[in-house]
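To keep things clear, I will list the structure first and then write my remarks on it.
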Amino acid sequence: MPSWQGTSKVISLTGVKQLAPPQRPTLIAPGLGADREGVARLQRERGRRRRRNILIGLGSLALVTFVSAITAGGAMIAVHVAIDVLLVAYVIALCHRQRRVLERQAKVTDIVSARTAAAHKADVSSPAEEAAVAFIGGGRGRH
């Protein structure tokens, strides 16, 4: 019979502390609510860094494959052309993204400032403008 069978020991757990995983740093302090501007700023910065790193990586890879294509020739020329196509496609995608960001900034207005401007606007000349002020201002217009 093995030595572990037939014997039982009781181990006291009063001095044992339960281990908890370390807390991860968060952007939101408990009980204070979300810092939306801080979170958005951090996400924009991370995205900008990621796009810059990808662009630098593709540019460096294009340079290395260019030198390799000149020295080795053969299949390295095809690899260099493929990397160049990826680099050009990525630059085009960045241009499209920038155009969308600029269009969004031009079209989207802050609803809080629009409501404030509508509330402070004193003279409304047409019923259509009065309805627009009532809609944006959240009120019922002038009656």
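Annotations for the structure displayed:
- Index of the failed condition, Arg52 passing every other in (1) basic (Lys, Arg); (2) within 32 Å of the chain's Cα centre (by Cα); (3) modelled with pLDDT under 95: (3)
- Tabulated pairs, region 89-108, first surrounded by 10 or more Cβ atoms within 10 Å (Cβ to Cβ), second aliphatic (A, V, I, L, M) and at pLDDT 95 or above, C-beta under 6 angstrom, 6+ apart or interchain: Tyr90/Leu58
- From Ala34, Ala29, residue being surrounded by fewer than 10 Cβ atoms within 10 Å (Cβ to Cβ) and either modelled with pLDDT under 90 or not in a helix (DSSP H, G or I) (or both): Ala29
- Top-ranked residue of region 50-77 - restricted to ones that are among the hydroxyl-bearing types (Ser, Thr, Tyr) and free of Cβ contacts under 8 Å to residues at least 12 places away in the same chain, ranked as farthest from Tyr90 (Cα to Cα): Thr71
The values are calculated or read from the model by the stated rules, or taken from the named source; none is laboratory data. From a predicted model like this one, the values you see are computed outputs, not experimental measurements. Using ideal geometry, Cβ is built from the backbone for each residue, glycine included, and neighbour counts are taken over all protein chains shown.
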